[in-house]
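> Dumping the structure here so I can ask a few things about it.
Quick note: the coordinates plus some simple rules give every number you see, no bench work behind them. Note that this is a predicted model, so its numbers are computed, not measured. Virtual Cβ from ideal backbone geometry, glycine too; neighbours counted across all protein chains shown.
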Amino acid sequence: MSPPPGGSAASPARPARVVVIGAGVIGCSVALQVARAGARVALVEGAPAPGSGTTATTDAWINANAKRPYDYFRLSVRAVAAHRRLASEMEGGPWLLRTGCLEWATDGDDRARLEERARELEGWGYGVRRLSPSWVMRELEPDVLLPGGVDQVFFYPDECLAFPQLYLAHVLRACRSLGVELALGTPVREVVVGSGRARGVRLDDGARIAADVVVSCAGRWTPDLLAPLGVEVPLVSPAEPGSPALGFLVSTSPIAADVRRRLSCPEINLRPDGGGRLQLQGKREEREVRLDTPTTPLPPQAQRLVAKARGLLRHSAAMRAQAAMIGIRPLPADGLPVVGWAPSVEGLYVVVTHSGVTLAPLIGELASAEVAGGEQELLKPYRPSRFAPGSRLR
Ligand SMILES: Cc1cc2nc3c(=O)[nH]c(=O)nc-3n(C[C@H](O)[C@H](O)[C@H](O)COP(=O)(O)OP(=O)(O)OC[C@H]3O[C@@H](n4cnc5c(N)ncnc54)[C@H](O)[C@@H]3O)c2cc1C
């Protein structure tokens, strides 16, 4: 059978058996929605625990703030709403902190850049408020010490933060109640293909799981899994110095400072991380670390980030860095999500994206609808076929 226009090889309508590869934030979300749609689902994870890939090392800021072009912004706005929708179905969504986010700049160029972005976001209907520093310190974040050069603070009231492991716990509980089989510590060695169509997966121990549709949600390991099938999904390499695929995060000791929302500051991003801890992300530090930078003992970048955070907060003298993490973003080569049928293997659906925590509930819904046979308008710009040999986007 030849692929339909757009180069995609679709699946039969309403597959009975679906294998989802990878139990990160994306795979768990897809498994849930596919199971809700009535299919029998096996969710297969190579690591001993779910959420041990990039989902374990993320800022988990739920937003559409800096998403360009407009189509991607629109997808992300819908994704923020999908988190709220799922939360309302699951005990109010204890994984979601709905306090909005704050951002400010101290230097003239950065202030102009933020203002320009705010105007564009307002033009697109995104919630943006401009607040005075004194009001922010009085009403929103009483333990934050805003530096002198800040003339206004941007508040994005609809943005959220997620606690990804809590999200997974709720989604997996719902998966289990729908009969999803969760296989942990069982890496998929290969997607089994017969007569040009995915027939299931073979595990490292040789066992085979048959399926009508295979959904690859393998995050940064996607090229390893799919390249042998001739499916190209190029990701930005984290190996180059300063690679945008590389992230650096520090988790602090619990402190008395009450930080209620994500703060995007000129040199550092801070977020509450539960139990009085903060998670810190430094722009300069992120560019300095390498894939092989040791995280124990803590690298100097961790101490530097904590010193910067102390300068921004009351009651933070006792703050210490407790853990440093190098994260690898599953960042497609053109920066945009990859979602859809693989161009050359029928019945193989692929999802890999940066900003996956933001997008997970929505992509779960949309991908499930496509696996069941419908085409989703919102996903059209993100097809894997754009990387296929001969595609004009290559
Ligand atoms: C520093 C940093 C900050 C970030 N900040 C944000 C943010 O603020 N907001 C946001 O939305 N996103 C953010 N992201 C991105 C986001 O975290 C990721 O997009 C998301 O976690 C990807 O989820 P995933 O499920 O696709 O991948 P993963 O969590 O990596 O899951 C993939 C899973 O597949 C499994 N797997 C791979 N190969 C196989 C195989 N052959 N067999 C079986 N299992 C396999 C892996 O073990 C893994 O568990 C950030 C990322 C980083 C690194």
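> Find the Cα radius of gyration of the chain, compare it with 2.2 N^0.38 Å by division, and give the number to two decimals.
1.01
> If you take the square roots of the eigenvalues of the alpha-carbon gyration tensor of region 170-280 and sort them as a ≥ b ≥ c, do you get rounded (a/c under 1.5), prolate (a/b over b/c) or oblate?
Taking the square roots of the gyration eigenvalues as a ≥ b ≥ c, region 170-280 is oblate.
> Continuing with this model, one more query. Quote to one decimal, in nm, the extra length available between ALA239 and ASP334 on full extension: 0.36 nm per residue of separation minus the C-alpha distance between them.
32.5 nm
> OK, next. Determine the dipole magnitude for region 125-231: charges of +1 sit on the beta-carbon of Lys and Arg, -1 on that of Asp and Glu, nothing else is charged, the reference point is the Cα centre, and the result goes in debye to the nearest 20.
I would put it at about 440 debye.
> Using the alpha-carbon atoms, what tilt in degrees (0 to 90, nearest 10) does helix 356-371 show relative to the longest principal axis of the chain?
Helix 356-371 sits roughly 20 degrees off the main axis of the chain.
> Then there is this: About the Cα centre of the chain, what is the dipole size in debye to 20, counting +1 per Lys and Arg Cβ and -1 per Asp and Glu Cβ, all else neutral?
Roughly 320 debye, rounded to the nearest 20.
> Which whole-number percent is the relative contact order of region 272-394 (Cα, under 8 Å, 6+ apart)?
17 percent
> As a footprinting exposure proxy, order TRP341, TRP124 by other Cβ within 10 Å, with the fewest listed first.
Going from least to most buried by this count: TRP124, TRP341.
> Counting other beta carbons within 10 Å of each Cβ, put CYS175, CYS265 in order, fewest first.
If I rank by nearby Cβ atoms, fewest first, I get CYS265, CYS175.
> So, one more: I want to verify a result. In a Gaussian network model of the chain, Cα cutoff 10 Å, which of these has the top mean-square fluctuation: PRO299, PRO238, PRO50?
Evaluated over the chain, the most mobile residue of the options is PRO299.
> Report the gain in length on full extension from ARG113 to ARG290: 0.36 nm times residue separation, minus Cα-Cα distance, nm rounded to one decimal.
60.9 nm
> Also, I was wondering about something else. Given a cut-off of under 8 Å on Cα pairs at least six residues apart, what relative contact order in percent is computed for the chain?
Across the chain, relative contact order equals 26 percent.
> Right, something else. Using only the alpha-carbon atoms, how far is helix 25-36 inclined from the longest principal axis of the chain? Give it as 0 to 90 degrees, nearest 10.
Roughly 50 degrees between the two axes.
> With everything on Cα atoms, drop me the angle between helix 164-177 and the longest principal axis of the chain, reported from 0 to 90° to the nearest 10.
Long axis of 164-177 versus the principal axis of the chain: about 30 degrees.
> Ordered by residue, what ³J(HN,Hα) values in Hz, to whole numbers, does region 267-275 give under the Karplus form 6.51 cos²θ - 1.76 cosθ + 1.60, where θ = phi - 60° and Gly and Pro are x?
With coefficients 6.51, -1.76 and 1.60, one gets 10, 8, 10, 10, 8, x, 10, x, x Hz.
> Still on this structure, I have one more. Fewest first, what order do TYR167, TYR72, TYR126 take by the number of other Cβ atoms within 10 Å?
The most exposed by this proxy come first: TYR72, TYR126, TYR167.
> Now for a different question. GLN303 to SER391: FRET efficiency via 1/(1 + (r/R0)^6), r the Cβ-Cβ distance, R0 35 Å, to the nearest 0.05?
The calculated FRET efficiency here is 0.15.
> In units of 2.2 N^0.38 Å, what is the alpha-carbon radius of gyration of region 250-337?
Normalised Rg, Cα atoms only: 1.13.
> With the dipole of the chain worked out from charges on the C-beta (+1 for Lys and Arg, -1 for Asp and Glu) around the Cα centre, which of PRO133, GLY374, LEU249 lies farthest toward the positive end?
GLY374
> So what's the gap between the Cα centers of region 16-36 and region 67-103, to the nearest angstrom?
20 Å
> When all C-alpha to C-alpha distances in region 1-144 are sorted into bins of 5 Å, what percent of pairs does each bin hold, rounded to whole numbers?
Histogramming region 1-144 at 5 Å steps yields 2, 7, 11, 13, 16, 16, 12, 8, 7, 4, 3, 1, 0, 0 percent.
> If R0 is 25 Å, what FRET efficiency do you get for ALA317 and LEU166 from their C-beta distance, rounded to 0.05?
Computed FRET efficiency for ALA317 and LEU166: 0.25.
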